[in-house]
Amino acid sequence: MTPFRAFALHLSAVLALAGGVAAAASPEETVRALWKDWAKLLKIGVKTGQMMTMDGLSKKAYDGAMASRSDRHWVYHRTGQPCRVCGTPIVMEEIGGRKLYWCPVDQA
C-alpha cells in the first residue's frame, strides 16, 4: 500500500473492520474527495521529493516530518503505533497480497 493510499483512506474513514469497502460501494463524493486528496499529495511529493502524507501541520511539525520519515504518515508503516487521532494501535492486514494499514477505531 502506498502512503498516499493509506492517507486517503485514513482521511475518508471508508474502511470497515472486515478489511475495507469495495470501491463500487463507496459514494461518488467519497471517491472524488479521495482523488482530490491524492492529487494534492502527489503534487506535494513531486515538489518536495518526499512522500509526505501529513497535512495541516505547523511549520515546526512540518519541518520535523520532513527531517524524519517516521513522522510523515498518519497510518502507513505504523503497525502497533498509536493512531495520531485517537491513540488506538494501528493495524496492518494483508488483503489480496497488499498491506492495508488502518485505525480500527477511526476507520471502523
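Quick note: the coordinates plus some simple rules give every number you see, no bench work behind them. Being a predicted model, the structure only gives us computed values, none of them experimental. Note: ideal-geometry Cβ built from the backbone for every residue, glycine included; neighbour counts use all protein chains shown.
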Inset, instruction - Set the Förster radius R0 to 22 Å, insert the Cβ-Cβ distance between A61 and V85 as r into 1/(1 + (r/R0)^6), and round the FRET efficiency to 0.05. - result: 0.90
Legend entry - Stretchable slack from R32 to R69, in nm (0.36 nm times residue separation minus alpha-carbon distance): 10.5 nm
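State, to one decimal in nm², a quarter of the convex hull surface area for the C-alpha atoms of the range 29-71, i.e. the direction-averaged projected area. All intermediate terms of the calculation are to be shown ahead of the outcome.
Numbers: hull surface 12.9 nm².
That works out to 3.2 nm², a quarter of the Cα hull's surface.
Note the full-extension length gain between A39 and K99 as 0.36 nm times their separation in residues minus their Cα-Cα distance, in nm to one decimal. Mind showing how you got there, number by number?
Values: separation 60, 0.36 × 60 = 21.60 nm, distance 2.16 nm.
Net length gain for the segment: 19.4 nm.
Sort I44, I95 so that the residue with the fewest other Cβ atoms within 10 Å of its own Cβ comes first and the one with the most comes last. Write down the numbers at each step before the final one.
Values: I44 15, I95 11.
Taking fewest neighbouring Cβ atoms as first place, the list is I95, I44.
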